[in-house]
Amino acid sequence: MGLVVAPIVEGKLEDWKSWIAELKSSKKSEFDDLNKRYGLTRHDGWLVDTPNGPMAAVLHEGPGSETFMEKVSQSDNRFDKSFTEKVAEFHGMDLNAPPPAPPPKKVL
């Protein structure tokens with residue numbers, strides 16, 4: 001299981017919400033295909049309002065969850081490239097670089 005908690009870039013919240021709506025509607029088949037290709041059986045996201053601004057909490061489950069971020073960032077697939085670009089735009093994360101902080105640790 002992979003868990004990512006990432007800030008939403010200031011001024012990008014409404015665009016992020018629009019992107020999420022696309023992943024649930026007009027881009028759903030492509031998003032479902034991405035999850036299938038990378039061995040994800042669950043790919044859920046939550047909007048978290050914090051005193052420091054909005055954040056996204058994203059859960060990846062399935063046999064491919066531990067390698068998903070690395071593999072999708074190296075893909076030549078058109079949708080995967082777009083997905084990686086959106087993650088960079090909305091979260092400031094370069095999926096080709098080492099994570100800026102250690103991953104969350106399960107404590108309970």
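The values are calculated or read from the model by the stated rules, or taken from the named source; none is laboratory data. Because the structure is predicted, anything quoted here is derived from the model rather than measured. In this analysis, Cβ positions are derived from the backbone assuming ideal geometry, glycine residues included, and neighbour counts consider all displayed protein chains. Only protein heavy atoms, including side chains, enter the accessible area calculation; ligands, DNA and RNA are left aside. Shrake-Rupley method; radii C 1.70, N 1.55, O 1.52, S 1.80 Å.
Residues of the stretch 82-101 that are buried (at least 18 other Cβ atoms within 10 Å of the Cβ), in contact with a Leu (Cβ under 8 Å, 6 or more places away or on another chain) and hydrophobic (A, V, I, L, M, F, W, C): 83, 87. If only residues of the stretch 13-40 that are over 15 Å from the mean Cα position of the chain (by Cα) and assigned to a loop (DSSP other than H, G, I, E, B) are counted, the one that is nearest to residue 78 (Cα to Cα) is 26. Does at least one position in the stretch 88-95 carry a residue that is at positive phi, touching a strand residue (DSSP E or B) at 6+ places or on another chain (Cβ under 9 Å) and touching a residue at least 12 places away in the same chain (Cβ under 8 Å)? Yes: one or more hits. Candidates in the stretch 36-46 are the residues that are closer than 24 Å to residue 12 by Cβ and without any contact (Cβ under 8 Å) to a residue 24 or more places away in the chain; of these, the one that is most open to solvent (accessible area, probe 1.4 Å) is 46.
Can you find a residue in the stretch 41-50 that is outside any strand (DSSP E or B) and among the aliphatic types (A, V, I, L, M)? For the stretch 41-50, residues outside any strand (DSSP E or B) and among the aliphatic types (A, V, I, L, M): absent.
List the number of the failed condition for residue 79; all other conditions in (1) open to solvent by 40 Å² or more (accessible area, probe 1.4 Å); (2) in a helix (DSSP H, G or I); (3) hydrophobic (A, V, I, L, M, F, W, C) hold. All conditions pass for residue 79, except number (1). I need the full set of residues from the stretch 1-27 which are within 16 Å of residue 68 (Cα to Cα) and either open to solvent by 70 Å² or more (accessible area, probe 1.4 Å) or modelled with pLDDT of 95 or more (or both), in order please. Once the filter is applied, which keeps residues that are within 16 Å of residue 68 (Cα to Cα) and either open to solvent by 70 Å² or more (accessible area, probe 1.4 Å) or modelled with pLDDT of 95 or more (or both), the stretch 1-27 yields 1, 3, 5. Within the set 66, 30, 61, the sole residue that is open to solvent by 50 Å² or more (accessible area, probe 1.4 Å), among the acidic types (Asp, Glu) and either at pLDDT below 95 or farther than 15 Å from residue 3 by Cβ (or both) turns out to be 66.
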